[in-house]
Amino acid sequence: MIRTIIWFIYFWLDFLFKIPNLYYAKKLKKDNKDNELEIYLNKISKKWSNNLLKLAGIKVKVVGMENIPEDENVLFVSNHQSNFDIPILLGSLNKRVSFIAKEEIKKMPFIGEWMEIQNCVFIERDDPRQAVRAINKGAKFIENGQAMVIFPEGTRSVDGNLNEFKAGSFKLAVKSKAKIIPITINGSIKAMRKGTLLIKPTEVVLTISKPIVIDKNERDTSLMRDLVVAEIEKNLRGE
């Protein structure tokens with residue numbers, strides 16, 4: 001319990017102390033200093049994520065980093081076990097990534113602003129028109145070289161097993177013609193289970209699978225979903 005209290009105090013104080021950093025990042029974006037902004041955001045997000053993981057007592061083992069292509073557009077498709085999945089991905093991947101996130105997160109103090117400057121896209125799942133606009137926006141980011149992460153389950157797993165993957169999530173890959181890279185997060189559920197805020201130290205294995213190359217004329221999102229689900233389930237079983 002003491003670890004949890006300390007972690008949450010640090011989490012919010014860190015956001016307060018980073019207000020000057022946020023405004024500096026906004027200035028870089030306003031001045032169209034894209035390269036400087038990219039370097040700055042990568043530095044900030046890596047440090048933020050790794051500090052949170054260290055304070056929580058979470059150790060991450062990464063398998064398959066070599067499967068991430070250096071100069072190609074990619075969409076990371078991941079399972080979702082815990083609130084720690086975002087810092088785990090930010091701190092572990094060798095690319096700066098942005099996320100497709102629920103619209104509610106945009107309203108959270110400071111967090112929403114940081115996510116916007118990071119090119120995250122907020123989606124309202126109950127509004128089909130807004131969801132289409134969000135997918136189109138995310139596809140544009142990917143086409144411009146921004147790596148993105150999507151959690152097709154839409155919510156965290158309660159037991160570590162996969163929830164249903166929404167085939168519609170893969171429209172992002174169709175629109176952007178990006179390579180799909182399945183990511184398996186195994187063990188983060190032990191750090192903070194859905195329905196509780198209690199933090200427990202644990203070890204997490206992050207498995208990056210080989211890219212799934214989609215033919216530019218392929219439109220079957222159900223096929224894409226089934227291929228990714230099969231890969232992630234295999235990794236969860238440790239095969």
Gaussian network model of the chain, springs between alpha carbon atoms under 10 Å - residue of V74, V63, V228 with greatest fluctuation: V63
Top of T221, T184, T196 by mean-square fluctuation, Gaussian network on the chain, Cα under 10 Å: T196
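Placing unit charges on C-beta atoms (Lys and Arg positive, Asp and Glu negative, everything else neutral), compute the dipole magnitude of the stretch 2-236 about its Cα centre in debye, rounded to 20.
Its charge dipole is roughly 580 debye.
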Those residues of the stretch 178-201 whose amide nitrogen sits under 20 Å from the label point placed on W7, 7 Å along Cα→Cβ: 185-201
Interatomic Cα distance distribution for the stretch 93-169, bins of 10 angstrom, percent: 18, 48, 32, 3
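Calculate the FRET efficiency for E104 and E70 from the Cβ-Cβ distance with a Förster distance of 35 Å, rounded to the nearest 0.05. Please list the in-between numbers first.
Values: r = 35 Å, r/R0 = 0.99.
My answer for the efficiency is 0.50.
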With eigenvalues of the C-alpha gyration tensor scaled by 5 and rooted, the chain, Å: 26, 23, 17
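Could you tell me which of the pairs K43/K194; K47/K166; K27/K210; K106/K175; K61/K166 are separated by over 26 angstrom between their Cα atoms in the structure shown?
On the way: K43/K194 29 Å; K47/K166 32 Å; K27/K210 37 Å; K106/K175 24 Å; K61/K166 28 Å.
With Cα atoms farther than 26 Å apart: K43/K194; K47/K166; K27/K210; K61/K166.
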Separation of alpha-carbon centers, the stretch 165-239 and the stretch 75-126, rounded to whole Å: 15
Of M108, M192, M65, the one that fluctuates the most in a GNM where the chain has Cα springs shorter than 10 Å: M108
Mean projection area, nm², convex hull over Cα of the stretch 1-66: 5.9
Alpha-carbon radius of gyration plus Dmax, which is the widest Cα pair, for the stretch 1-143 in Å: 15.9, 45
Label zone at T155 (point 7 Å along Cα-to-Cβ), backbone N below 16 Å, the stretch 75-92: 80-83
GluC sites (Glu not before Pro) within the stretch 27-92, DSSP loop, no more than 16 other Cβ atoms inside 10 Å: E70, E72
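Bear in mind these aren't lab numbers, they're just calculated from the coordinates by the rules spelled out. Remember, predicted model here, so these are calculated numbers, not experimental data. Note that each Cβ is placed from the backbone with ideal geometry, even for glycine, and that neighbours are counted across all protein chains shown.
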